[in-house]
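Below is one structure, written out as structure tokens; comments come after it.
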Amino acid sequence: MKIAFEKEIRVKYDVDVFIAGGGPAGVAAAVAAAENGASVFIAEAFGAFGGAAVNALVPAFMQFTDGENFVADGIGRRVRDYIKQNCPEKMKKYCPDSIPVETLKLCYDGMIEKCGAKFAFFTNVIDTIAEDGKVKYAVCSTKGEIYAVKAKVFIDCTGDGDMAKMSGAEYLTGDENGSVMGATLCALWTGIDWEKVKGPDSRRLEDAFSDGVFTNEDRHLPGMWPIGDGLGGSNAGHIYDIDGCDGDSLTRGMVEARKQLLEYRRYYRDYLDGFGDSEPVISASVIGIRESRRIIGDYILNLDDFKNRAVFDDEIGRYCYCIDVHSPKNTTEGYNEYKRLIETFIYKKGESYGIPYRSLTVKGISNMLTAGRCISTDKNMQSSVRVMPGCYITGQAAGVAAAIACENGGGCRDIDIKELQKRLKKLGAYLPNADK
């Protein structure tokens, strides 16, 4: 059964740049666009900026540098410096690589308020109004109101490519069968004696399997990150066949994951040194989705680019994280393929790959960009660029590009790449090849 639904809504904001999603990519995009003279509105679905770090309790940023160069420079450095300077005293020796959630929330709030961008929490983009390959309005839903935002340029930082998909963009999902990486429900733990913790967290898994601790024998255990004295953040366990773009699938995943967390509680407490008194005090409010839609742009960043340490004329940044494809199935073959990729495709110090601006533009839409884990890549490269420092890189580039496009009439493909690179370097971005 279907019904027709029609409603007259007001245009609440009229801005240069509209950003959907306030994770690391969205925050970076908002700050970069505002500092380049654009008026900005950013819509965030939850009650704080921060994306997976805040709402999914992902415990670590992953690498900001290639071992020699600060590749996530610009907005990424500002965040890292703030965390280093402002995290609580008992967390300082573990930060800024691990994430003190409340400190990060304050960091993002301050950055957005300082840059002057308008914003709203508890706000979802539920549709767009577009015609002839150009988006005119984003339709937003919040507590008590549905309204529209008019903008010249729209940036999709939702992670799932929701706004781009609503606007008619083409996209890819997962592997050739549409299967995506396993999801994980992260949690915060207390009662850990970090001085007694030793060896990889997975070292006693086979014993636990033999003892029937786990419902599923999952050999891929990313593990527990130290966040503070006695505090840890778990990235433990996979829930498979979860579609991050489907509410029913996410609901099932959350229920299964909470049950599974109790099994990891038993494992950590009974099998590993230093965790005898540990306790998961809170699990995340959302399950951590590693992979969903990849919006097709004018260039699909691919594994050959990783292999070749690619350099692009329209390069907007460089990154270096390994190829980290978590298996879509709980099988020995899937785990072995994960291990093969992560051990094969990893860089030495000082090595990185370029990210072209063409991977941020959206095929078929003239005034939309993507940033974060939904940019135009193949499955392998998505597993590298999806982590937070990678999101800062693509987010700040999308923000600067959007500001330039607004100055020139709103066409994202019509901007001067040299001007984009010049402004990014002024922001602090790592672009060693921009003048070559």
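Worth pointing out:
- Filtered residue count, region 233-253, keeping only those that are in a helix (DSSP H, G or I) and polar (S, T, N, Q): 2
- Test: residue in region 255-275 that is over 22 Å from N216 (Cα atoms), in a helix (DSSP H, G or I) and in contact with a helix residue (DSSP H, G or I) (Cβ under 6 Å, 6 or more places away or on another chain): no
- Test: residue in region 45-62 that is buried (at least 24 other Cβ atoms within 10 Å of the Cβ) and part of a strand (DSSP E or B): no
- Just one of the numbered conditions (1) free of Cβ contacts under 8 Å to residues at least 40 places away in the same chain; (2) assigned to a loop (DSSP other than H, G, I, E, B) is not true of P328: (1).
- No other residue among R258, R252, R204 is of a type in the set (K, R) and closer than 22 Å to G274 by Cβ apart from R204.
- Residues in region 114-125 that are over 14 Å from K12 (Cβ atoms) and aliphatic (A, V, I, L, M): A117 only.
- Among residues of region 88-112 that are at positive phi, none has a beta-carbon under 6 Å from a residue that is part of a helix (DSSP H, G or I) and surrounded by 19 or more Cβ atoms within 10 Å (Cβ to Cβ) at least six positions away or on a different chain.
- Verdict on A34 being crowded, with 23+ Cβ neighbours inside 10 Å, of a type in the set (A, V, I, L, M, F, W, C) and under 26 Å from L431 (Cα atoms): yes
- The listed residue being within 18 Å of the chain's Cα centre (by Cα) and not assigned by TED's automatic domain parsing to the domain that holds Y268, out of G233, G182: G182
The values are calculated or read from the model by the stated rules, or taken from the named source; none is laboratory data. Since the model is a prediction, treat every value here as computed from it, not as a measurement. No Cβ is skipped: glycine too gets one built from the backbone with ideal geometry, and neighbour counts run over all protein chains shown.
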